[in-house]
Amino acid sequence: MFINDNDIQQVLEAARAPDTRLVETILAHAREMKGIGPEEVAILANVQNPDLLHQIFETARSIKEEIYGKRLVLFAPLYISNLCGNECLYCAFRARNTAIHRRALNQEEVARETRTLIDQGHKRILLVAGESYPREGFQYILDSIATIYATRHNHGEIRRVNVNIAPLTVDEFRQLKAAQIGTYQLFQETYHRPTYAKVHVGGRKQDYDWRITAIDRAMEAGIDDVGIGVLFGLADWRFEILALMQHIRHLEDTFGVGPHTISVPRLEPASGTDLASSPPNPVSDDDFRKIIAILRLAVPYTGIILSTREGPQMRGESYALGISQISAGSRTNPGGYADHEDYDASQFALGDHRPLDEVIRSIAELGYIPSFCTGCYRLGRTGADFMDLAKPGDIKMHCEPNALSTYQEYLNDYATPETRAAGEALIDKVITEMQPEAARRAQTLVDRVRAGGHDIYC
């Protein structure tokens, strides 16, 4: 197996105590935007000096902005079912948990949730389901994706469905690709085998190897945009990021391209489980900031996703540390957007309860560009083709103009007057600061949207 615990432990034990010259040498290497190695990651993980941490954070910010600009992609998770056959001790969906109400949405309910998200202004959705399905089996997932894409309401529609569901066979992954998903996302939760065995005590998810090879099967089936992640708090975070590096290297060596995204959730309290409230290896806010920044240095071209598990302050700080995608206005229970039920059916506690409009206004106030862009998926800029644009920094020529046009579309159709006024001022300011070619492209797209156009991208 490609995760080698002994190699990771040896790197951690050999990591030199970081001094200023050593850290500056590593950061100079990172600024070449070709990534840094596991030994360098281990050294940076040991940094405690505030001045050196500041240098790490600033380097991460500059790399993220050099590749993607100041755009920040937004999405919403859509939980269609909390049925589950696994017994994961940190999760409210675990099979034997009687503290939550179980529900699987029917297709009309999926459409109703989708209409609610459309009316908020969302354009991309992450479909999420517990790891057990109604009697239709896997077809339930395919039907739900089709329902989401078929749903139109008022000004809009969902333009891209990404998926976070249980590991599949290669044939099932081919069916998922044929359903025109964007990214297939699956978290190993923890790469540390002993910890994995302790917290997964029932169901198919007990099989570490079946889960960790799921991304291979997805890529074998032709899904070239994949997302991986760790649930930080289960095992030592230093071990986890080095294991992530091994997983990424395996994908690059095997398929020629690594993950499109990495997610960095921390354990949060969950109904019916004590472990989530008392993580075995809690990650402090300071270490969490370090995790985000180090990952940006290690895998500069990969999107890093932050969910609403984190509160508004941490989310705001994370944009300058390397985060490039966030969820907003999230609900983690089936029916949570349209029904507003009182009973508990959520997977975990949320840290950010703000509605989408408020999140967008706060992003703009920090000088970032809210983006609903789905252009790369729809123009085939995925997998290796995406990386061919990202590595020389050319993807920014698409990211920033598309971010501005989709932001303007949101402002036209959904924003409150206060958010629209602030947003249009930001758009005009950003365009004046762009390089001439990018500015011309952005202005053309924005003008078309301001004239009433929709779904304008390059």
**Report entry** Residue match in segment 345-352 (condition: at pLDDT below 80, among the aliphatic types (A, V, I, L, M) and more than 30 Å from residue 254 (Cβ to Cβ))
**Finding:** yes
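Residues 135, 94, 152, 61: which one is assigned by TED's automatic domain parsing to the domain that holds residue 185, of a type outside the set (S, T, N, Q) and touching a residue at least 40 places away in the same chain (Cβ under 8 Å)? Break it down into steps so the answer makes sense when it comes.
Working: 135 fails: touching a residue at least 40 places away in the same chain (Cβ under 8 Å); 152 fails: touching a residue at least 40 places away in the same chain (Cβ under 8 Å); 61 fails: assigned by TED's automatic domain parsing to the domain that holds residue 185.
On inspection, the qualifying residue turns out to be 94.
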Query raised in the report: Of the numbered conditions (1) of a type outside the set (S, T, N, Q); (2) closer than 30 Å to residue 35 by Cβ; (3) assigned to a helix (DSSP H, G or I), residue 119 satisfies every one except a single condition; which is it?
Result: (2)
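Quick one: which residue in 424, 400 is at pLDDT 95 or above and either assigned to a helix (DSSP H, G or I) or surrounded by fewer than 15 Cβ atoms within 10 Å (Cβ to Cβ) (or both)? Let's see the steps before the verdict.
Details: 400 fails: at pLDDT 95 or above.
Step by step, each of 424, 400 is checked, and only 424 is at pLDDT 95 or above and either assigned to a helix (DSSP H, G or I) or surrounded by fewer than 15 Cβ atoms within 10 Å (Cβ to Cβ) (or both).
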Query raised in the report: Considering 193, 238, 211, 217, which residue is closer than 17 Å to residue 84 by Cα, assigned by TED's automatic domain parsing to the domain that holds residue 258 and not aliphatic (A, V, I, L, M)?
Result: 211
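Could you list all residues from segment 428-440 that are in contact (Cβ under 8 Å) with a residue 40 or more places away in the chain and under 28 Å from the mean Cα position of the chain (by Cα)? Break it down stepwise before answering.
The initial filter retains those residues of segment 428-440 that are in contact (Cβ under 8 Å) with a residue 40 or more places away in the chain, namely 430, 437-438.
If the condition is that a residue be in contact (Cβ under 8 Å) with a residue 40 or more places away in the chain and under 28 Å from the mean Cα position of the chain (by Cα), then 430, 438 are the ones that fit.
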Query raised in the report: Is it the case that segment 150-159 has a residue that's among the acidic types (Asp, Glu) and in contact with a Cys (Cβ under 7 Å, 6 or more places away or on another chain)?
Result: no
Query raised in the report: So which residues in segment 124-153 are buried (at least 18 other Cβ atoms within 10 Å of the Cβ) and either in contact with a helix residue (DSSP H, G or I) (Cβ under 7 Å, 6 or more places away or on another chain) or of a type in the set (Val, Ile, Thr) (or both)?
Result: 125, 127, 128, 129, 131, 133, 141, 144, 145, 147, 148, 151
Query raised in the report: Just wondering, is there one or more residues in segment 24-47 that are closer than 22 Å to residue 265 by Cα, without any contact (Cβ under 8 Å) to a residue 40 or more places away in the chain and not charged (D, E, K, R)?
Result: yes
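Residue by residue, here is whether (1) surrounded by 23 or more Cβ atoms within 10 Å (Cβ to Cβ); (2) closer than 19 Å to residue 63 by Cα; (3) touching a residue at least 24 places away in the same chain (Cβ under 8 Å) holds:
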{"residue": "310", "(1), (2), (3)": "yes, no, yes"}
{"residue": "318", "(1), (2), (3)": "no, yes, yes"}
{"residue": "323", "(1), (2), (3)": "yes, yes, yes"}
{"residue": "339", "(1), (2), (3)": "no, no, no"}
Query raised in the report: Pairs, please: C-beta under 7 Å, at least 6 apart or cross-chain, first residue surrounded by fewer than 24 Cβ atoms within 10 Å (Cβ to Cβ) and in segment 286-307, second among the acidic types (Asp, Glu)?
Result: 289/317
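Looking at the structure I just gave you, is residue 259 touching a Leu at 6+ places or on another chain (Cβ under 9 Å) and either modelled with pLDDT under 95 or surrounded by fewer than 19 Cβ atoms within 10 Å (Cβ to Cβ) (or both)?
Numbers: touching a Leu at 6+ places or on another chain (Cβ under 9 Å): yes; either modelled with pLDDT under 95 or surrounded by fewer than 19 Cβ atoms within 10 Å (Cβ to Cβ) (or both): no.
No, not satisfied.
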Query raised in the report: Residue check: is residue 85 of a type outside the set (S, T, N, Q), under 30 Å from residue 114 (Cβ atoms) and over 23 Å from the mean Cα position of the chain (by Cα)?
Result: yes
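Quickly run through segment 106-115 and pick out the residues that are of a type outside the set (D, E, K, R) and surrounded by fewer than 20 Cβ atoms within 10 Å (Cβ to Cβ).
First, pick out the residues of segment 106-115 that are of a type outside the set (D, E, K, R): 106-107, 110-111, 114.
Once the filter is applied, which keeps residues that are of a type outside the set (D, E, K, R) and surrounded by fewer than 20 Cβ atoms within 10 Å (Cβ to Cβ), segment 106-115 yields 106, 107, 111.
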**Report entry** When residues of segment 213-225 are limited to those that are in contact with a Pro (Cβ under 9 Å, 6 or more places away or on another chain) and surrounded by fewer than 23 Cβ atoms within 10 Å (Cβ to Cβ), the one farthest from residue 39 (Cα to Cα)
**Finding:** 217
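The values are calculated or read from the model by the stated rules, or taken from the named source; none is laboratory data. Since the structure is predicted, the reported quantities are computational estimates derived from the model, not experimental observations. Please note: Cβ atoms are built from the backbone with ideal geometry, for glycine as well, and neighbour counts cover all protein chains shown.
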